[in-house]
Amino acid sequence: MLDLLEYTGARRGEVANITVDDILAAYDMEHPSLRMETFKQGHDAVRYIPVTKMLLHDIKTFVETSRRKNMKSTSGFRSGPDHRFLFTSERTGKKLSSETITNEISKLRIHANINEQVCAHMFRHAFITNLFALLIRRHHMANEDDFRRALLDSHTFMAEVMQWTGHLDERSLETYINLAFASVANYAETISSVHMIRAIQTFDNKHEELMYQLETGLPISDYKKHVATLIELRNKDFEIARNREAIVAA
């Protein structure tokens, strides 16, 4: 759940509405994009967010293990056909509500001894800020005015950003430009592809998780197997990133 909040910038209700079929469909795509119901844009509004094979592999594993076990141990299957929503209640097997997502994050905050306020929407703010920061680095923008002019000059570019974030009004993204420039101050970036950068960040985060599991008891043989799979998926994501970049440049 936290991975989806972090890597898609989705609202909590949008994450709650993700289905198993959405995940499987994205996993089978040549250039994976996750279907996301878009709140605040009217009925049946959807968008597609580029995601990595690494992220989808982890979620697919969750579907085949933890979710399946939970559905079998609750009334999830016994009460009728599988509702197919990705996240389910551990107690009832029913679709997880937006409020439950909020409560789970609050519990994690307490468990991690974090004193500051934490909520699901903070992941969305971080996602959008980081997206702009990546674009600033990519285009080597020197200041906020240069970046704003670039946004105005490229309607296709802005439309792509709004497609990822689910915004209707360009003005609602203004705040994130200031935050993005603050986050990249004195930072030099040489990688040209936003998709490539995101793939690298995902790989680094996933590898850190495996290292922690190794330190806390994961057998070395399992660690090696998981790392091999992660590297294979990373290489696929690199190829996807190069293809996406070529399409944009064409």
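The values are calculated or read from the model by the stated rules, or taken from the named source; none is laboratory data. This structure is a prediction, so every number in the text was calculated from the model and none was measured. As a convention, Cβ positions derive from the backbone with ideal geometry for all residues, glycine included, and neighbour counts pool all protein chains shown.
Assessment of region 158-180 against the conditions (more than 29 Å from ILE247 (Cβ to Cβ) and modelled with pLDDT of 75 or more) yields no matching residue. Can you say whether GLY93 is exposed (fewer than 13 other Cβ atoms within 10 Å of the Cβ) and not in a helix (DSSP H, G or I), as far as the supplied structure shows? For GLY93, the condition - exposed (fewer than 13 other Cβ atoms within 10 Å of the Cβ) and not in a helix (DSSP H, G or I) - is not met.
Results for (1) of a type outside the set (Phe, Trp, Tyr); (2) under 27 Å from MET162 (Cα atoms), shown as yes or no for each residue.
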{"residue": "PHE39", "(1), (2)": "no, yes"}
{"residue": "LEU56", "(1), (2)": "yes, yes"}
{"residue": "THR74", "(1), (2)": "yes, no"}
{"residue": "GLU90", "(1), (2)": "yes, no"}
{"residue": "GLU104", "(1), (2)": "yes, no"}
{"residue": "VAL118", "(1), (2)": "yes, yes"}
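Of all the criteria given as (1) over 24 Å from ILE197 (Cβ atoms); (2) crowded, with 17+ Cβ neighbours inside 10 Å, the one not satisfied by ARG47 is (1).
Counting only residues that are of a type in the set (Lys, Arg) and either in contact with a Cys (Cβ under 8 Å, 6 or more places away or on another chain) or surrounded by 18 or more Cβ atoms within 10 Å (Cβ to Cβ) (or both), region 50-61 holds 1 of them.
The condition of being without any contact (Cβ under 8 Å) to a residue 40 or more places away in the chain, surrounded by fewer than 14 Cβ atoms within 10 Å (Cβ to Cβ), of a type outside the set (Ser, Thr, Tyr) and in a helix (DSSP H, G or I) holds for only one of GLU64, GLU116, that being GLU64.
Can you say whether ASP44 is part of a loop (DSSP other than H, G, I, E, B) and within 24 Å of GLN163 (Cα to Cα), as far as the supplied structure shows? Considered against the rule, which asks whether it is part of a loop (DSSP other than H, G, I, E, B) and within 24 Å of GLN163 (Cα to Cα), ASP44 comes out as yes.
All conditions in (1) farther than 22 Å from ILE59 by Cβ; (2) polar (S, T, N, Q); (3) modelled with pLDDT of 70 or more hold for THR100, with the sole exception of (1). In region 1-17 there is no residue matching the filter, namely being of a type outside the set (Asp, Glu) and without any contact (Cβ under 8 Å) to a residue 24 or more places away in the chain. Of the residues in region 209-226, at least one is within 18 Å of TYR7 (Cβ to Cβ) and surrounded by 12 or more Cβ atoms within 10 Å (Cβ to Cβ). Scanning region 18-30 for residues that are in a helix (DSSP H, G or I), in contact (Cβ under 8 Å) with a residue 12 or more places away in the chain and out of contact with any Pro (no Cβ under 8 Å at 6 or more places or on another chain) gives VAL20, ASP21, ASP22, ILE23, LEU24, TYR27.
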